[in-house]
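The values are calculated or read from the model by the stated rules, or taken from the named source; none is laboratory data. Note that this is a predicted model, so its numbers are computed, not measured. Note that each Cβ is placed from the backbone with ideal geometry, even for glycine, and that neighbours are counted across all protein chains shown.
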Amino acid sequence: MADLTRRRFLVGGTAAAGGLALAGCTTAAAPAELPPFDPGDWASVRAQFPLSREVRQFSAYVLATHPRPVADAIARHRAELDKDTHAYLGVQAGAEDAVRAAAAQYLGGRASDIALTDSTTMGLGLLYAGLRLTPGQQVLTTEHDFFSTHQALRMRGADVRRVRLYDDPAAASAEEIVARLRAGLTPATRVVAITWVHSVTGVKLPVRAIADAIAAHNAPLAPADRALLCVDAVHALGVEVATAADLGCDFLVSGTHKWLFGPRGTGIVWAREGAWAAADPVLPSFSGPAFGEWLNDAPPPPTTGELFTPGGYHSFEHRWAVADAFAFHRAIGRDRVAARTREQVDRLRAGLADLRQIRVRTPAAPELSAGLVCFDVDGATPDAVVARLHAKGIAATVTPYRERHVRVGPSIATADDDVDALLDVLRE
Ligand SMILES: Cc1ncc(COP(=O)(O)O)c(C=O)c1O
């Protein structure tokens, strides 16, 4: 992907930015006054996002805009930090625990098993650097993961094996995915690194069935030889109903600044109870146990979510407001968020099915897809399509992979009329 410059990566194609200019769209600040938040009313939910109404926001999931309850929490913390930073740090001494508790309430598992990070990429980098591997142990990953997984494994210098889970994403089946993954396992596999929803195709993996297959593979192995299932969940967290605990994985890594619409620059690493015993912290945490180890020259304490959380001072106004993002989703209801997203995905797919020139790459079944829909248009490059959409005030992206498709993500920040407008442009 020689032409994938940093700018293209960040905006999903140079055409995107140019298209907006062509459309004459403004990027004017959102109105200062937003209507009150009524979690039962979709118009009110959508109104909490200060996004420009001059653009149909099908890329809102790429990096969150802050819905009002989250923005208010950030502003509150920022004002207090600005006023008397040191004192407010003391007042907020338990705030990270409150974020862990909110995350555990949403994801299942124990609050003490959740590490706080700045992004999915940071979480993956820390996890794949911190998992202990003995000589001869291998990592099994797939051809469909994002740069952050592959690069973190490469930088670790791990012995990595990759499998392809499907050839044609639109025709992918859960049975075939599980069978291909299972065929890649050997007694040397210590880590399985996968992605719940592939951001290159929109395919959602049957993670529970994969976890069950790995459990069967692990059964005769000694605990230190068992394969650990690690999942990049960033395109599922905040749109899927299943919790991390439901999935049966060992580690789940995610940013909280995509579909969850949490503060930008935040994320988590979740571990199943007991799983942290397989990993060592990579960066010193600013925690009591870590300072105790240092001050007393004591042996390292057992790894916990707190100890795996990188230390140093942070943009705490964002980190502390992660609790408010989980609360925002819980107030709306995770099943209602998932259903709302699915309704729009189905509406979009029904419209795309009538367009002869469109090849949808994402499977139709809800078991194999989430909020992302990837497609190609015969006779036009994905960049050209995205540029055209932007010229018409529709924000879409091109997948930042070797395999390039047009990618859109209906969400709680979009509505049926946005989907219809997208279809109208594609009909042209
Ligand atoms: C599957 C996947 N994982 C990770 C990331 C990176 O997420 P973050 O910005 O939270 O590091 C992306 C895209 O941004 C992605 O598509």
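Annotations
- Qualifying residue in the stretch 219-232 (condition: in contact with a Ser or Thr (Cβ under 6 Å, 6 or more places away or on another chain), among the hydrophobic types (A, V, I, L, M, F, W, C) and within 16 Å of the ligand (Cβ to nearest atom)): no
- Checklist (1) more than 16 Å from the ligand (Cβ to nearest atom); (2) surrounded by 24 or more Cβ atoms within 10 Å (Cβ to Cβ); (3) over 24 Å from Arg132 (Cα atoms) applied to Ala271, failing item: (3)
- Among the criteria (1) within 14 Å of the ligand (Cβ to nearest atom); (2) under 23 Å from Leu368 (Cβ atoms); (3) among the small types (Gly, Ala, Ser), the one Ala216 does not fulfil is (1).
- One residue stands out among those in the stretch 164-204 that are over 26 Å from Lys258 (Cβ atoms), part of a loop (DSSP other than H, G, I, E, B) and in contact with a helix residue (DSSP H, G or I) (Cβ under 7 Å, 6 or more places away or on another chain): the one that is nearest to the ligand (Cβ to nearest atom), which is Leu185.
- So Asp297, is it in the same structural domain as Ser148 (by TED's automatic domain parsing), closer than 19 Å to Val191 by Cβ, without any contact (Cβ under 8 Å) to a residue 60 or more places away in the chain and acidic (Asp, Glu): no
- Identity of the residue in the stretch 97-119, closer than 14 Å to Trp320 by Cα and charged (D, E, K, R), that ends up surrounded by the most Cβ atoms within 10 Å (Cβ to Cβ): Arg100
- Selection within the stretch 352-375: residues that are part of a strand (DSSP E or B) and more than 23 Å from the chain's Cα centre (by Cα). The member of this set that is surrounded by the fewest Cβ atoms within 10 Å (Cβ to Cβ) is Arg359.
- Qualifying residue in the stretch 241-259 (condition: of a type outside the set (Val, Ile, Thr) and out of contact with any helix residue (DSSP H, G or I) (no Cβ under 9 Å at 6 or more places or on another chain)): no
- One residue alone among Ala325, Ala353 is within 30 Å of Ala75 (Cβ to Cβ) and among the small types (Gly, Ala, Ser), and that residue is Ala325.
- None of Val207, Val241 is within 26 Å of Gly333 (Cα to Cα), more than 12 Å from the ligand (Cβ to nearest atom) and surrounded by fewer than 17 Cβ atoms within 10 Å (Cβ to Cβ) except Val241.
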